[in-house]
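Working notes, structure below.
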Amino acid sequence: MSKEIILNCEKLERRFALLNAGKLEEYKLERDDNTPKAGDIFLGRIINLDTSLQAAFIDIGAKKNAFLHFRDMLPGNSELVEQYRTDTENKENTINAKRKKKRSTPENSPLSAEVSRRTKKIDMEDIPNIFKPGMEILVQVAKAPISTKGARVTTDITLPGRFLVLMPYSEHIGLSSRIESTTERERLRKILEQLELPEGMGMICRTNGEGRKQAFFKRDLKLLLDYWKKIENGVESRIAPQRLFTEPDLIDRTARDFMTDEIDGIVVDDPDAFKHIKEMLKRIGGSKLASKVTRFKGSAQIFDHYRIDEQLKTVFQREVKLPGGGAIVIDETEALIAIDVNSGHSGRKLTDQPEFILKTNMEAAEEIARQLKLRNVGGLVVLDFIDMRSAADRDELYRHMKKLVKDDRAKTKLLPLSKLGLMEMTRQREQESILDQVYDPCPYCHGSGLVKSALTMSAEIQRELSSVMRDKKYRGKALRVYMHPEILDRLRNEDAELLNDLESRYKNELSFRADPELHYEQFRLTDAESGEIIH
């Protein structure tokens with residue numbers, strides 16, 4: 001079973017696909033904008049503290065203030081906490097001294113000794129006394145803005161590298177739970193103990209570190225400490241709100257997080273991205289790892305060649321068919337994701353057979369695990385499988401589902417089937433789902449439906465133009481595109497330079513016309529001279 005990573009790099013967006021024997025397992029989409037991403041580090045400013053929510057709202061320069069829970073405010077602010085402890089203890093000691101004087105309590109009494117030993121324990125009620133509106137605070141985005149909600153941030157900073165995760169405000173030294181070998185865990189623990197780590201800092205060995213020599217960890221740690229030094233310098237020299245560190249782009253994250261021994265190769269269609277990722281892999285893993293990268297030079301679009309776009313259609317469908325004739329129906333709501341499993345058979349003969357029901361539910365479990373990763377949905381997920389009378393069958397389904405979500409990069413928690421026949425799970429989500437990234441609320445139905453964004457349509461039009469202009473039949477011909485006026489506005493302004501590049505590259509003359517009769521997601525590509533409809 002070969003695993004390949006396919007990278008499609010275009011001007012407007014970059015797309016990542018992980019194929020397992022040709023079947024799409026993971027899909028990621030990235031566009032250039034200033035929206036805070038999970039992992040970004042900001043020097044923010046406290047706007048206000050809400051004791052009823054037990055949260056602070058932080059200005060990080062985004063459209064909406066970030067949300068910081070009180071319990072996430074203490075890491076990294078030890079100096080403020082210690083100062084508050086000292087001030088509180090001094091105040092208490094002064095009060096106690098006055099009381100002792102009134103009661104004539106000897107200075108060397110047990111009561112006096114107990115007061116001097118007492119250490120103030122910080123709890124949620126103390127937070128508003130430590131932190132005040134207007135104060136600057138270093139925070140990291142734990143969850144990117146989703147829908148109408150601002151980013152969720154924390155002061156517990158972590159910096160992920162290829163093999164290590166640096167924790168500047170924690171002294172914990174740990175290993176990924178996915179490294180199961182006891183011998184390997186012991187070997188890695190000895191390597192970590194030998195690394196020169198500044199006092200007060202900690203680190204975790206990532207799964208990628210399994211089987212690696214000490215030199216790899218030394219190089220990774222040095223890089224992470226350099227990053228942290230730049231962040232500390234930024235805190236000293238910048239004025240909030242300010243972004244001090246941003247997560248690497250999709251190309252770099254592919255090399256850092258996804259390129260493991262399980263991956264047989266990376267295929268990329270952009271020459272610059274190909275050169276960059278090859279050099280990066282050579283630097284972190286040597287020539288053998290870098291040799292796994294190849295450049296795609298086919299005439300078709302790379303995602304068409306590998307049938308990825310065809311498989312992506314299921315990502316936006318409410319109903320997904322199963323091999324045995326059944327189907328799963330996925331509904332995303334504000335509160336939860338509801339997934340219903342249907343047998344696909346109306347006759348009682350099959351649907352009453354326990355073997356058939358178990359087989360359909362097992363197929364559904366595999367497709368559900370795949371769809372959750374593809375769609376990047378998270379939060380509470382409720383699975384309504386076909387009812388099973390046998391307790392053994394229910395246990396088998398639960399074990400199978402646990403095995404399927406074990407390798408999910410997002411943290412998941414799964415519960416057994418309830419008395420109502422429902423399986424509940426939670427899945428961590430750090431950014432918007434693919435559905436939210438690709439679509440905007442529909443202007444025709446005021447948000448009750450979805451329509452592709454102007455950016456997405458522009459990318460699709462340019463993709464189609466590029467494909468047609470590579471065809472010898474249309475080489476050098478004048479082409480005309482009709483589209484919705486709002487899409488045309490996008491092409492004439494933000495993307496005008498990209499279209500000029502297309503014309504000069506393929507020597508075609510391009511013209512664009514608005515057609516209000518066309519749906520927002522429709523466009524018509526024609527031969528400008530003959531009027532022949534090409535698309």
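The values are calculated or read from the model by the stated rules, or taken from the named source; none is laboratory data. Note that this is a predicted model, so its numbers are computed, not measured. With ideal geometry, Cβ positions are generated from the backbone for all residues, glycine too; neighbour counts draw on all protein chains shown. Surface areas here come from the heavy atoms of the whole protein model, side chains and all, with no ligands, DNA or RNA. Shrake-Rupley method; radii C 1.70, N 1.55, O 1.52, S 1.80 Å.
Quick one: is LEU221 buried (at least 18 other Cβ atoms within 10 Å of the Cβ), within 22 Å of the chain's Cα centre (by Cα) and farther than 16 Å from GLU4 by Cβ? Break it down into steps so the answer makes sense when it comes.
Numbers: buried (at least 18 other Cβ atoms within 10 Å of the Cβ): yes; within 22 Å of the chain's Cα centre (by Cα): no; farther than 16 Å from GLU4 by Cβ: yes.
Considered against the rule, which asks whether it is buried (at least 18 other Cβ atoms within 10 Å of the Cβ), within 22 Å of the chain's Cα centre (by Cα) and farther than 16 Å from GLU4 by Cβ, LEU221 comes out as no.
Pull out all pairs, ordered by first then second residue, where Cβ-Cβ is under 8 Å, the residues are six or more apart or on different chains, the first lies in the range 198-217 and is more than 17 Å from LEU159 (Cβ to Cβ), and the second is among the β-branched types (Val, Ile, Thr) and assigned to a helix (DSSP H, G or I).
If the second residue must be among the β-branched types (Val, Ile, Thr) and assigned to a helix (DSSP H, G or I), the pairs left are GLN214/ILE191.
I'd like the residue in the range 236-249 that is modelled with pLDDT under 90 and buried (at least 16 other Cβ atoms within 10 Å of the Cβ) and, out of all such residues, is nearest to PHE274 (Cα to Cα).
For the range 236-249, the residue satisfying everything is GLU247.
Just checking, which of ALA454, ALA478, ALA459 is in contact (Cβ under 8 Å) with a residue 40 or more places away in the chain and within 29 Å of ARG318 (Cβ to Cβ)?
Details: ALA454 fails: in contact (Cβ under 8 Å) with a residue 40 or more places away in the chain; ALA478 fails: within 29 Å of ARG318 (Cβ to Cβ).
None of the other options fit; the residue is ALA459.
Only one of LEU49, LEU19, LEU7 is under 13 Å from PHE131 (Cα atoms) and at pLDDT 90 or above. Can you tell me which?
On the way: LEU19 fails: under 13 Å from PHE131 (Cα atoms); LEU7 fails: under 13 Å from PHE131 (Cα atoms).
Result of the check over LEU49, LEU19, LEU7: LEU49.
Read through the list (1) modelled with pLDDT of 90 or more; (2) in a helix (DSSP H, G or I); (3) open to solvent by less than 20 Å² (accessible area, probe 1.4 Å), then give the number of the only condition that ALA255 fails.
The number of the failed condition is (1).
Rundown of residues vs (1) open to solvent by 50 Å² or more (accessible area, probe 1.4 Å); (2) in a loop (DSSP other than H, G, I, E, B); (3) not aliphatic (A, V, I, L, M), yes/no style:
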| residue | (1), (2), (3) |
| --- | --- |
| LEU498 | no, no, no |
| ASP501 | yes, no, yes |
| ARG505 | yes, no, yes |
| LEU510 | no, no, no |
| GLU517 | yes, yes, yes |
| TYR520 | no, yes, yes |
| ARG524 | yes, no, yes |
| GLU529 | yes, yes, yes |
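Among the residues of the range 401-427, write down those that are crowded, with 16+ Cβ neighbours inside 10 Å and farther than 18 Å from ALA391 by Cβ.
So the first thing to find is which residues in the range 401-427 are crowded, with 16+ Cβ neighbours inside 10 Å, and the list is 401, 404-405, 412, 414, 417, 423, 425-427.
Across the range 401-427, the qualifying residues are LEU404, VAL405, THR412, MET425, THR426, ARG427.
What pairs come out if I take residues in the range 270-293 that are closer than 14 Å to ASN208 by Cβ and open to solvent by less than 40 Å² (accessible area, probe 1.4 Å) and pair them with residues that are not in a helix (DSSP H, G or I) and not basic (Lys, Arg) whose C-beta lies under 8 Å away, six or more apart or interchain?
If the second residue must be not in a helix (DSSP H, G or I) and not basic (Lys, Arg), the pairs left are LEU281/MET259; LEU281/VAL293; GLY285/MET259; LEU289/MET259.
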